[in-house]
Amino acid sequence: MDNTHPSAQPQAGATDARAFGSFAEFYPFYLTEHSDRTCRRLHFAGSTLALLCLAAAAVTRNPWWLLAGLLCGYGFAWVGHFVFEKNKPASFKRPLYSFMGDWVMYKDIWTGKVNI
């Protein structure tokens, strides 16, 4: 892993996203699923675009921006996983924890805890 969060060590025997009882247990695993820098960059870009689409939806009151935000957020992330990380997104097994992980990692990127 290249300079990601120091707690990004997988728990012993925990390779299935469904094996975690709490988000606090899941997040270090989530980070190991994002060890590729390009994947993290694509997540960051997609999340930023999703936020911009959310803002556009609020300003224009056009709900199509919400769909655009979902497409940006998940589209960029899934390209990162399938093309660069070469794994399946955790959202397929733990959608809520994965969604939460996206935003915690986004914050951690902004605060310098995770490098891109």
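Hey, how many Å between the Cα centroid of the range 87-111 and the Cα centroid of the range 23-83?
9 Å
Give, rounded to the nearest 20 debye, the magnitude of the charge dipole that the range 40-110 has about its Cα centre when Lys and Arg contribute +1 at Cβ and Asp and Glu contribute -1 at Cβ.
Value, rounded to 20: 140 debye.
Rounded to whole Å and sorted largest first, list the principal axis extents of the Cα atoms in the chain.
48, 26, 25
Kindly provide the helix-only [θ] at 222 nm of the chain, computed as the sum of -39,500 (n - 2.57) over DSSP H runs of four or more divided by all residues, to the nearest 500 deg cm²/dmol?
After summing the helix terms and dividing by the residues of the chain, the value is -19000 deg cm²/dmol.
Which order do E25, E85 fall in if you start with the one that has the fewest other Cβ atoms within 10 Å?
Fewest-to-most Cβ neighbours within 10 Å comes out as E25, E85.
Kindly write out, for the range 52-63 in residue order, the coupling ³J(HN,Hα) from the Karplus curve 6.51 cos²θ - 1.76 cosθ + 1.60 (θ = phi - 60°), rounded to whole Hz, with x marking Gly and Pro.
Running phi through 6.51 cos²θ - 1.76 cosθ + 1.60 with θ = phi - 60° gives 5, 5, 4, 4, 4, 5, 5, 6, 8, 6, 9, x Hz.
Would you kindly derive the ³J(HN,Hα) couplings of the range 20-26 from the backbone phi angles with the Karplus curve 6.51 cos²θ - 1.76 cosθ + 1.60 (θ = phi - 60°), listing them in order in whole Hz, with x for Gly and Pro?
With the stated coefficients, the range 20-26 comes to 9, x, 8, 5, 4, 6, 6 Hz.
Starting with the fewest neighbours, write out S22, S91, S35 ranked by other beta-carbon atoms found within 10 Å of each beta-carbon.
Fewest to most other Cβ atoms nearby, the residues stand as S22, S35, S91.
Give me the percent relative contact order of the range 40-110, please, defined on Cα pairs under 8 angstrom at least 6 residues apart.
Relative contact order comes out at 35 percent.
Every number here is computed from the coordinates shown, using simple stated rules; none is lab data. Model, not experiment: these values are computed from the prediction. As a convention, Cβ positions derive from the backbone with ideal geometry for all residues, glycine included, and neighbour counts pool all protein chains shown.
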